[in-house]
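Here's the structure, in structure tokens; my notes come after.
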Amino acid sequence: MRLAATTRRFSTITVVGAGLMGSGIAQVAAQNGHDVNLVDQTDELLQGADRRIRSSLERVAKKTFPDDVTKAKDFLEKSTSRLNYSTNALSAAAQSNLVIEAIVENMETKQKLFQDLDSAAPKHTVFASNTSSLSISRIASATQRKDRFGGLHFFNPVPVMKLVEVVRTAETSQETFDYLTEFGKSVGKKPVSCRDTPGFIVNRLLVPYLMEAIRMLERGMHVIALEIEIYTLSFIIGDATAEDIDTAMKLGAGHPMGPIQLLDYVGLDTTKFIMDGWHDLVPDEALFQPSDLLNKLVAEGKLGNKTGQGFYKH
Ligand code: CAA
Ligand code: NAD
């Protein structure tokens, strides 16, 4: 009963950006009874999202109904039937009560998208960004609905991670904040409330830690040459290898993944966008300094799990 009432209230939802995060958000919305339009730029990208969602739904079905094939099949069919794929964000938004953006981590691109969506969506439609690091109020400034705008920050992999950060700006109305919080709960997440500060809660702590792990590797890349009498001894000093850093944080700190693995999992491009944005904002902050190694990998297209190579080969 409660789900039906909640579903009507949110129906229909549009998720723009069908990459790692957008496909996960669309999936958890659909599996929890919401009708979802998932939007990306090309049919090929949408086909990729459809494959990812189906394979993830199968894992969820197996876990939820381990002994009941009929229920698992029904769950899969119902969830996929609630998903509609589109390359037209504006017509999708025109039929939606909630639009969640999960496109590339770039302020201008997000502002341009929301400016266009603002003219297409009904007045009551609530907008949310899944940005990892950008100011929600700056993104919202491209629209005429700053009171109906907030952050909904999900975590990767969305079907598994139980948290959602609900971000309110000075202009987000209480009604919008409550609506976004309720949406987070309706898709099975535990909401926490955040002010609109860089990185909110999790990323303000997590991203500097990930960058420190890269710096440990970078320090390991210096070759030291020592002149001793007639010999030259060359050796690499290193804080540690990628494998040892990961093992250390898994076994020594109980993390499910080490930081280098997690960087590949999050996407090196996304991490670089986050760090570059914060560095521009506060250039003197030691924790926000760019990394040559990260820049090099991104320039080479080694973005992590999603391209088959990052710090590791996948
Ligand atoms: N869809 C559905 N289920 C999935 C899944 C997916 N995409 N990925 C994993 N699972 C399920 C598996 O089916 C499995 O279920 P069972 O326990 O019932 O078998 C369970 O999750 C564990 O998966 P695996 O056995 O494959 O692998 P694992 O034990 O190594 O766990 C992990 C994988 C959940 C990703 C775990 O390693 C983990 O929690 N890693 C850390 C992830 C993290 O820190 N995320 C936050 C990133 S930061 C962020 O998102 C914010 C930002 O803005 C950058
Ligand atoms: P991604 O690169 O996997 O996917 C982004 C998708 O957006 C791509 O498919 C791209 O084609 C699409 N896109 C770009 N511009 C578009 C537009 N104008 N209209 C429609 N689609 C467009 O990226 P991601 O990892 O899913 O990240 C998306 C957002 O979520 C970013 O803001 C990121 O910071 C944030 N985020 C990422 C993670 C993570 O772990 N990767 C976690 C939480 C939040």
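Data overview
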{"read-out": "Single residue of Phe154, Phe177, Phe183 found to be more than 16 Å from ligand 1 (Cβ to nearest atom), aromatic (Phe, Trp, Tyr) and in contact with a helix residue (DSSP H, G or I) (Cβ under 9 Å, 6 or more places away or on another chain)", "value": "Phe183"}
{"read-out": "Unique match (being touching a His at 6+ places or on another chain (Cβ under 8 Å) and over 18 Å from Ile274 (Cβ atoms)) among Arg168, Arg148", "value": "Arg148"}
{"read-out": "Residues of region 220-266 satisfying the condition of being in contact with a helix residue (DSSP H, G or I) (Cβ under 6 Å, 6 or more places away or on another chain), part of a loop (DSSP other than H, G, I, E, B) and modelled with pLDDT of 95 or more", "value": "His255, Gly258"}
{"read-out": "Criterion (under 22 Å from Phe155 (Cβ atoms) and either without any contact (Cβ under 8 Å) to a residue 12 or more places away in the chain or more than 20 Å from the chain's Cα centre (by Cα) (or both)) met by exactly one of Ala61, Ala26, Ala18", "value": "Ala61"}
{"read-out": "Filter pass, Leu117 being crowded, with 18+ Cβ neighbours inside 10 Å and in contact with a Ser or Thr (Cβ under 9 Å, 6 or more places away or on another chain)", "value": "yes"}
{"read-out": "Among (1) under 22 Å from Gln31 (Cα atoms); (2) within 16 Å of ligand 1 (Cβ to nearest atom) - the single one Leu134 does not satisfy", "value": "(1)"}
{"read-out": "Failed criterion for Ile214 (all others in (1) away from ligand 1 (no atom under 12 Å from the Cβ); (2) closer than 25 Å to Phe288 by Cβ; (3) outside any helix (DSSP H, G or I) hold)", "value": "(3)"}
{"read-out": "Checking Pro159 against (1) in a loop (DSSP other than H, G, I, E, B); (2) surrounded by fewer than 22 Cβ atoms within 10 Å (Cβ to Cβ); (3) away from ligand 1 (no atom under 16 Å from the Cβ), the condition it does not meet", "value": "(3)"}
{"read-out": "Members of region 187-205 that are crowded, with 16+ Cβ neighbours inside 10 Å and either of a type outside the set (D, E, K, R) or touching a helix residue (DSSP H, G or I) at 6+ places or on another chain (Cβ under 7 Å) (or both)", "value": "Val187, Pro191, Val192, Cys194, Asp196, Pro198, Gly199, Phe200, Ile201, Val202, Asn203"}
{"read-out": "Only listed residue being in contact with a Phe, Trp or Tyr (Cβ under 9 Å, 6 or more places away or on another chain), at pLDDT 95 or above, assigned to a helix (DSSP H, G or I) and not charged (D, E, K, R), chosen from Ser119, Ser137", "value": "Ser137"}
{"read-out": "Filtered residues of region 67-101 (kept if surrounded by 15 or more Cβ atoms within 10 Å (Cβ to Cβ), in contact with a Ser or Thr (Cβ under 8 Å, 6 or more places away or on another chain) and touching a residue at least 40 places away in the same chain (Cβ under 8 Å))", "value": "Phe75, Ala89, Ala92, Ala93, Gln95, Ser96, Asn97, Leu98, Val99, Ile100, Glu101"}
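For (1) touching a strand residue (DSSP E or B) at 6+ places or on another chain (Cβ under 6 Å); (2) farther than 20 Å from Ser11 by Cα, each residue gets a yes or a no:
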position	(1), (2)
Asp116	no, yes
Pro122	no, no
Ser137	no, yes
Gly150	yes, no
Phe155	yes, yes
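The values are calculated or read from the model by the stated rules, or taken from the named source; none is laboratory data. Just so it is clear, the model here is predicted, and its values are computed rather than measured. For neighbour counting, all protein chains shown are included, and Cβ atoms are generated from backbone atoms with ideal geometry for every residue, glycine included.
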